[in-house]
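Notes for the one structure printed next.
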Number of protein chains: 2
Amino acid sequence: MLKIALAQINLLVGGIATNQQKIIETAEHARDQLGANLIVFPELTVTGYPPEDLLLRPDFIKQANQAVLDIAQAVQDIDLVIGFPELYEQALYNSAAVLRDGKILCCYRKTALPNFGVFDEQRYFQSADDVCLFTLKGQAIALTICEDIWQPGLVAKNKQAGADIILTLNASPFHAGKIHQREEIVCQQAKEAEIPLLYVNLIGGQDELVFDGASFVANAQGEVIFRAEEFAEQVSVVEFEQNKPLKNICSPLYNEISSEYKALVLGVKDYAYKNGFKGAILGLSGGIDSALVLAVAVDALGAEHVEAVLMPSKYTQDMSNEDAVLEAEALGIKYHTIAIEPAVTAFSGMLAEVLAGTKRDATEENIQARCRGILLMAMSNKQGKLLLTTGNKSEMSVGYATLYGDMAGGFAPIKDVPKLLVYKLAEYRNTLSEVIPRRVITRPPSAELAPDQVDEDSLPPYSVLDPILEMYVEQDKSAAEIEQAGFQRVDVVRAILLVDRNEYKRRQAPPGVKITPRAFGRDRRYPIATGYKGVIDR
Amino acid sequence: MLKIALAQINLLVGGIATNQQKIIETAEHARDQLGANLIVFPELTVTGYPPEDLLLRPDFIKQANQAVLDIAQAVQDIDLVIGFPELYEQALYNSAAVLRDGKILCCYRKTALPNFGVFDEQRYFQSADDVCLFTLKGQAIALTICEDIWQPGLVAKNKQAGADIILTLNASPFHAGKIHQREEIVCQQAKEAEIPLLYVNLIGGQDELVFDGASFVANAQGEVIFRAEEFAEQVSVVEFEQNKPLKNICSPLYNEISSEYKALVLGVKDYAYKNGFKGAILGLSGGIDSALVLAVAVDALGAEHVEAVLMPSKYTQDMSNEDAVLEAEALGIKYHTIAIEPAVTAFSGMLAEVLAGTKRDATEENIQARCRGILLMAMSNKQGKLLLTTGNKSEMSVGYATLYGDMAGGFAPIKDVPKLLVYKLAEYRNTLSEVIPRRVITRPPSAELAPDQVDEDSLPPYSVLDPILEMYVEQDKSAAEIEQAGFQRVDVVRAILLVDRNEYKRRQAPPGVKITPRAFGRDRRYPIATGYKGVIDR
């Protein structure tokens, strides 16, 4: 009986010593507690994923390669498959090493290097074209890495080379629905080549990315016979009779909403912990966005580590303050109230002369938002707490946010969550426990920066705006195509003009968790200075 | 006699219609005024460079391909070589088309796709491996694009295929000294293959990049026989007797300092113009950084379009205000003075309760910087003027700057200029006309955010810091290597810890002009959450 452990663990990008220790302990646990003969780790185990330009540092590469030798020495009586940036004949490869008896038995070098979306692997790595087979308990085991198995033919090639079982090391980031794609493609590959496939994914948050785990094993019939949890560390063993994997526990595939919520929570938790923050702080307006971010923050870090500030102005309605207090109390967090009027008045006076004779416009609204930014940053600076921004993807898309105001902060948990999804996530969170007052969900959204202001004064309704944005930003549809999908020209033009015009704001936004197929940030690289006008069809 | 025009022109990224018009007018000018038989444009002429993720939009690609056909139709009696993203057999190529008699005569598809530094070409394009030859006046002319000619063998391959002359379309961004590299490699290729090479480079600023032009022609002996100006548009003709280019005017290679200064000026000018700003505004502290940025801004946009604000606090020395006024007056710009005390006092009072019992630290310094940020942004918002930040590369490296404070702004002209170079550029600017008071250059630098503060309280002297930063940030040297180069461990550790710790600030910084081999931004992609510690050698 061959027992293979899947090490779905949370690693620290760049933290080679930390990761080395964790790899060793995990392997020993799998050997001693689970009786595993072999343990398989995620892609680039030793460095975490993605290490980005750390890969250009010779000292970093040297440390990573040394760590592999050290791990081999440290763990005996179990085979390890670990990922690392391998320096081989003066070129760098994204490799997987098989460690046995204190030595590197063999290395597989990744063939398919993704260079799209958030991925830049051709910036760092050479591609190889070899098969790597090793034998354990009579079974010929082949290695592949992540993008490899999305390519037609690579699984079949390994089977033809004599493989009985295929392992794949992954760092596949979450977006909504991706797990279905992943299992579909892998199961199809397994079925077509009639070979079992063992898929180990990374778990954890890393800047803009969350890796969701959900590692699994497909048998030669293309059926999932084991699935690890989403968004949690898990080390499990799957038993093989010859090359036939035996049925094991399959954790459920969560539905879309709960997976998205978990992604946000893990993203916030790991950004805060991996950057050494003592907790988080945020401005609570009584609106739906900050209500959701507060719930996410508390679920990520615990109520005792989250602090909120209410910062009313003369435009803040009473119900906003009341609801903000209800939210803070429902979650049991500490909160403060600081009215912004004294600072707004001070700036008004200071600017009176230079702005004399000008008309009131967004300038005055921005001053209010920026006064709030200063207050929150002061508390963040003084206490070493991470300031969370509360802007959503719809706002980021159209620039309905103030730079250095409500955009000020270290992390933007819902920056990739469109407004309509904000509502769904709020409803979902309330099904776990009622923490967001009903009125917050039902009242019309407002920035409360001017008298009786509501978002729809400046923007199309979100039920119209969000689908337009999805088509334009995520699917690269033209204005004409969006109109053909059933939207009014006036709304399409308004939305696209705003998206085009606000790249400069997005460029200065803090990172946030990617949960859609295309997020802002590394995932969407647009020029700021540009003559491109998405509204002009030719 | 064959007359080839080099069209060193400034293009607008994404502005296909604008570029199309300019290409047509330039070709007509070369034909009618200069008698050219052929005109060669820079890489990706039609879209500008780099169009980034606009290349993923089907509508954009369609427009670009249509523009090439339209240009071919519009201009007769001269051959055009223009660059464009070519959709060919369902794949995208970085191509150069030869236009003759209203049609596309042939297309060359780029072989070497750079995917390092600021370049992401493998994200968008397929690579090809063909030679493209066309004949004009009895000469066989071959095409290459930018990175191609940096590869060994590609020039020789074209020669062997029968080429008499090689054209190369480029978008080669500036950094100090790069022009020497460029000419050296091209001349060497020309000499080795014994073939003349005509090198056309783009000119203009685009977000973080400045393209410096300095197009040139090398003869088959590897000598430069023509060179266009740096940092200026220029359309020139070089005559060929058979395949022998005739000597023409060689614009001088500027020295390093003046080229760097021109790069900053062009970068600011094009960022402001291409983004439609009505002018620029900046905070003037009396320090060297803002003095230099002011001079650059005035040289870029004209004194009448630049406005400065002095924002003294109780820590501002009299001489700072005096010098700031002298700078504004020397350059003839409008300036205002707004003391920040009222806002600082307001925030002090508002935060008294939540910060009660805490010790004074950077928090209070940041509040001052952020009050200045609010004032400047209010004036920028109200007037539609671009706010320029004044931080230099040394500060960006170690995080000696306040997010949302002095880092607030749309463009950061000197963010890639190390402090020691700031001094050199200030001295250089004063040789053109005395605009920066001597005392500003000679007094010790200070942020003036606390009593009697100087930079050296928090940082090693810049004469020590700057070379350490260059080795760590630009050359990927390890701490041990930097020590071996002659620096004290204590300084190396201090600098590296600060660089490692401040990636989050840099991620929210505005773009600025790249002038070194490695700038921050697209050029250096580091994780924020990381366990990498550059100070630990293993």
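Read-outs: derived from the displayed coordinates by stated rules, not from any lab. Predicted model, so just to flag it, every value in this text is computed and none were measured. Glycine gets a Cβ as well: all are built from the backbone with ideal geometry, and neighbour counts include every protein chain shown.
For segment A:22-101, give me the percentage of DSSP beta bridges that are antiparallel, rounded to the nearest 5 percent.
If we restrict to bridges inside segment A:22-101, about 75 percent are antiparallel.
Please work out the FRET efficiency for the pair B:E192 and B:S463, using the Cβ-Cβ distance as r and a Förster radius of 56 Å; give the result to the nearest 0.05. Mind showing how you got there, number by number?
Numbers: r = 42 Å, r/R0 = 0.75.
For R0 = 56 Å, the calculated efficiency reads 0.85.
For segment B:198-352, what does the equivalent ellipsoid look like in terms of its semi-axes, each the square root of 5 times an eigenvalue of the Cα gyration tensor, given largest first in whole Å? Let's see the in-between values first.
Values: eigenvalues 431, 43, 32 Å².
The equivalent ellipsoid of segment B:198-352 has semi-axes of 46, 15, 13 Å.
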Exercise. Show that you can apply the helix-only estimate: for chain A, add -39,500 (n - 2.57) for every DSSP H stretch of four or more residues, divide by all residues, and state [θ] at 222 nm to the nearest 500.
Key: -11000 deg cm²/dmol
Quiz item: Between A:E89 and A:L69, 0.36 nm times their residue separation minus their Cα-Cα distance comes to what?
Solution: 5.5 nm
Quiz prompt | Whole-number D in µm²/s for segment B:50-96 (Stokes-Einstein; Kirkwood sum over Cα pairs; 25 °C, 0.890 mPa s) | solution = 213 µm²/s
Quiz item: If Lys and Arg each add +1 and Asp and Glu each add -1, what is the summed charge of the other residues whose beta carbon sits under 15 Å from the beta carbon of A:D452?
Solution: -3
Exercise. For B:L92, place a label point 7 Å out from Cα along the Cα→Cβ vector, do the same in each other copy, and report the separations in nm, one decimal, smallest first.
Key: 2.5
Exercise. Restricting to the protein assembly as shown, compute how many DSSP beta bridges are antiparallel as a %, nearest 5.
Key: 60 percent
Quiz item: For A:E456 and A:R501, what does the FRET efficiency come to when R0 = 22 Å and r is the distance between their Cβ atoms, rounded to the nearest 0.05?
Solution: 0.70
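Share of antiparallel DSSP beta bridges in segment B:1-145, in percent to the nearest 5?
Details: 19 of 25 bridges.
Around 75 percent of the beta bridges assigned by DSSP in segment B:1-145 are antiparallel ones.
Taking the Cα centre of the protein assembly as shown as origin and charging only Cβ (+1 Lys, Arg; -1 Asp, Glu), how large is the dipole, in debye to the nearest 20? Walk me through the numbers on the way to the answer.
Working: 106 positive and 142 negative charges, 16 e Å.
Result for the protein assembly as shown is approximately 80 debye, rounded to the nearest 20.
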Exercise. Note down the nm distance, to one decimal, between modelled labels 7 Å out along Cα→Cβ at A:I536 and at A:E329.
Key: 5.7 nm
Quiz item: With charges set only on the Cβ (+1 for Lys and Arg, -1 for Asp and Glu), what does the dipole of segment B:24-154 come to about its Cα centre, in debye to the nearest 20?
Solution: 200 debye
Self-check item: Dipole of chain B, positive end: most advanced residue of B:Q73, B:V493, B:L143 [Cβ charges, Cα centre]
Solution: B:Q73
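Using C-alpha positions alone, give me the convex hull volume of segment A:31-74 per residue in cubic angstrom. List each step's numbers first, then the result.
Numbers: hull volume 3.3 nm³, N = 44.
Cα convex hull per residue, to the nearest whole number: 75 Å³.
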Quiz item: Residue farthest toward the positive end of the dipole of segment A:398-538, with Cβ of Lys/Arg at +1 and Asp/Glu at -1: which of A:Y462, A:A519, A:P437?
Solution: A:A519
Exercise. Return the Cα extents of segment A:106-200 along principal axes one, two and three, sorted largest first, each rounded to a whole Å.
Key: 39, 29, 21
Exercise. Report, in degrees rounded to the nearest 10, the 0 to 90 angle that the Cα long axis of helix A:256-274 makes with the longest principal axis of chain A.
Key: 90 degrees
Quiz item: Which peptide among A:410-416, B:298-304 comes first, and what is the full order, when sorted by highest mean count of other Cβ atoms within 10 Å?
Solution: A:410-416, B:298-304
Practice problem: Give the whole-number value, in cubic angstrom per residue, of the convex hull volume spanned by the C-alpha atoms of the protein assembly as shown. | Solution: 173 Å³
Exercise. Report, to two decimal places, the Cα Rg of segment A:1-89 normalised by 2.2 N^0.38 Å (N = number of residues).
Key: 1.07
Self-check item: For chain A, the fraction of alpha-carbon pairs in successive 20 Å shells from zero, as %
Solution: 21, 48, 27, 4, 0
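Specify whether the C-alpha gyration tensor of segment A:55-171 places it in the rounded, prolate or oblate class, a ≥ b ≥ c being the square roots of the eigenvalues: rounded for a/c under 1.5, otherwise prolate if a/b is larger than b/c and oblate if not. Intermediate values should be presented prior to the final figure.
Working: a/c = 2.16, a/b = 1.04, b/c = 2.07.
It comes out oblate by the Cα gyration axes.
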Quiz item: What's the center-to-center distance, using Cα atoms, between segment B:176-253 and segment A:216-261 in Å?
Solution: 60 Å
Practice problem: Taking chain B as the reference, fit the longest principal axis to its C-alpha atoms, fit the long axis of helix B:489-501 to the helix C-alpha atoms, and give the angle between the two in degrees, 0 to 90, nearest 10. | Solution: 70 degrees
Self-check item: Listed pairs A:K278/B:K359; A:K62/A:K385; A:K269/A:K393; A:K178/A:K415; A:K533/B:K103; B:K103/B:K247 exceeding 23 Å between Cα atoms
Solution: A:K62/A:K385; A:K533/B:K103; B:K103/B:K247
Exercise. Quick one: grab the alpha carbon gyration tensor of segment B:331-422, order the square roots of its eigenvalues as a ≥ b ≥ c, and give me rounded if a/c is under 1.5, else prolate or oblate depending on whether a/b is larger than b/c.
Key: oblate
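Let me check I've understood the local charge: for B:S258, count other residues with C-beta under 14 angstrom from its C-beta, Lys and Arg +1, Asp and Glu -1. What total comes out? Walk me through the intermediate numbers first.
On the way: positive: B:K262, B:K424, B:R429; negative: B:D212, B:E229, B:E230, B:E256, B:E260, B:D299, B:E427.
Every neighbour counted, the sum reads -4.
If Lys and Arg each add +1 and Asp and Glu each add -1, what is the summed charge of the other residues whose beta carbon sits under 14 Å from the beta carbon of A:L143? Spell out each step's value before the answer.
Working: positive: A:R100, A:R109, A:K110, A:K157, A:K159; negative: A:E43, A:D79, A:E86, A:D129, A:D130, A:E147, A:D148, A:D164.
The answer is -3.
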Quiz item: Taking the Cα centre of chain B as origin and charging only Cβ (+1 Lys, Arg; -1 Asp, Glu), how large is the dipole, in debye to the nearest 20?
Solution: 560 debye
Quiz item: If you take the square roots of the eigenvalues of the alpha-carbon gyration tensor of segment A:398-538 and sort them as a ≥ b ≥ c, do you get rounded (a/c under 1.5), prolate (a/b over b/c) or oblate?
Solution: prolate
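Quick check: residue separation of A:D32 and A:A352 times 0.36 nm, minus the Cα distance between them. What number comes out in nm?
Length gained, A:D32 through A:A352: 107.8 nm.
Give me Rg/Rg_expected for segment A:267-425, where Rg uses Cα atoms only and Rg_expected = 2.2 N^0.38 Å with N residues. Please report the intermediate quantities before stating the final value.
On the way: Rg = 15.8 Å, N = 159, 2.2 N^0.38 = 15.1 Å.
So segment A:267-425 has a normalised radius of gyration of 1.05.
Determine the equivalent ellipsoid of segment B:9-57 by diagonalising the alpha-carbon gyration tensor, then write out the semi-axes as square roots of 5 times the eigenvalues, largest first, rounded to whole Å. Numbers along the way, then the final one.
Numbers: eigenvalues 120, 19, 10 Å².
Each semi-axis is √(5λ); the values are 24, 10, 7 Å.
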Practice problem: Would you kindly work out, in nm and rounded to one decimal, the distances from the label point of A:K359 to those of the same position in each other copy, ordered shortest first, with label points 7 Å along Cα-to-Cβ? | Solution: 5.3
Quiz item: Cα centroids of segment A:520-534 and segment B:297-330: how far apart, whole angstrom?
Solution: 34 Å
Quiz item: From the label point of A:G138, set 7 Å from Cα along Cα→Cβ, how far away are the matching label points in the other copies, in nm, ordered shortest to longest?
Solution: 8.1
Quiz item: Which whole-angstrom value gives the distance between the alpha carbon centres of segment B:354-413 and segment A:49-80?
Solution: 40 Å
Exercise. Shielding by partners for B:340-349, please: the mean number of other protein chain Cβ atoms within 10 Å of each residue's Cβ.
Key: 6
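Is there a simple number for the mean count of other chain Cβ atoms within 10 Å of the Cβ of residues in B:494-505, and what is it? Display every interim value, and only then the final one.
Details: counts 0, 0, 0, 0, 0, 0, 1, 2, 0, 2, 7, 1.
For this peptide, the per-residue mean of nearby foreign Cβ atoms is 1.
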Exercise. With unit charges on the beta carbon (Lys/Arg positive, Asp/Glu negative), name the residue among A:A295, A:S251, A:G283 whose Cα is farthest towards the positive pole of the charge dipole of segment A:203-324.
Key: A:S251
Quiz item: Going by alpha carbons, how many degrees (0 to 90, nearest 10) lie between the helix axis of B:58-74 and the longest principal axis of chain B?
Solution: 50 degrees
